[in-house]
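Everything on this sheet refers to the single structure shown next.
The values are calculated or read from the model by the stated rules, or taken from the named source; none is laboratory data. None of the values given here were measured: they were computed from a predicted structure. Cβ coordinates were reconstructed from backbone atoms using ideal geometry, including for glycine residues, and neighbour counts include every protein chain displayed. Just so you know, the surface numbers come from the protein's heavy atoms only, side chains and all, with ligands and any DNA or RNA stripped out. Shrake-Rupley method; radii C 1.70, N 1.55, O 1.52, S 1.80 Å.
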Amino acid sequence: MKKKTSTILLSLALVVALSACGNATENSSETSKQENGATEEQAATEKPAETKVEFEKGVFIDLEKENNPLLNEQIKAVLKKNLDAQVNLDEEAFRSTFKDLKTSDAYMGTFGGEYKFTKIYNISEDKTKDQILVNVTGEMLRDNAIEDAAITYYFAADADGKWSIVAID
């Protein structure tokens, strides 16, 4: 019986010793991970912050000064409303400038972003389709970089003579 008790006590002591060693290894591994994590975190915070590009969005086109006979008052109003809606991210106003819901749905991919509209570059007429094309230029902010932007708006009058956007390119 004495031998059996000794064997049990020895086995128990061995289990306790092995457990202690295992915990020491885990604790040391955990401490090492925490130290490495702190070093990585310090390195991440020490990186210089990305500089935000200064960009003034808005519509800087004076449509009243545009005197091309193709650009009638109704087209000017629709264009201004669309550009303002784009800059102000007003989806309802943006959609209202198109000839119908189906057309506005087709061009929702062009909605959004930060724009600065600065100039009407060209106004022309497509007599084959009875459309007025207005090319607007400016800039847009994308991925913290300023890019040139040029958008062509296609206007057409409905049967009642009401002008609206039928396409954007």
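Filtered by the rule that a residue be under 22 Å from the mean Cα position of the chain (by Cα), closer than 18 Å to Ala167 by Cβ and not basic (Lys, Arg), the stretch 59-100 gives Asn82, Leu83, Ala85, Gln86, Phe94.
Quick one: which helices (runs of 4 or more DSSP H) sit completely within the stretch 68-169 and have at least 3 residues that are open to solvent by 70 Å² or more (accessible area, probe 1.4 Å)? First the steps, then the outcome.
On the way: elements: 73-88, 91-96, 101-106.
It comes to 73-88, 101-106.
Just one of the listed residues (Thr118, Thr110, Thr97, Thr137) is touching a strand residue (DSSP E or B) at 6+ places or on another chain (Cβ under 8 Å), of a type in the set (S, T, N, Q), touching a residue at least 24 places away in the same chain (Cβ under 8 Å) and closer than 20 Å to Glu54 by Cα, namely Thr118.
How about the stretch 53-67: which of its residues are within 17 Å of Glu139 (Cβ to Cβ) and either exposed (fewer than 10 other Cβ atoms within 10 Å of the Cβ) or hydrophobic (A, V, I, L, M, F, W, C) (or both)?
The answer is Val53, Glu54, Phe55, Glu56, Val59, Phe60, Ile61.
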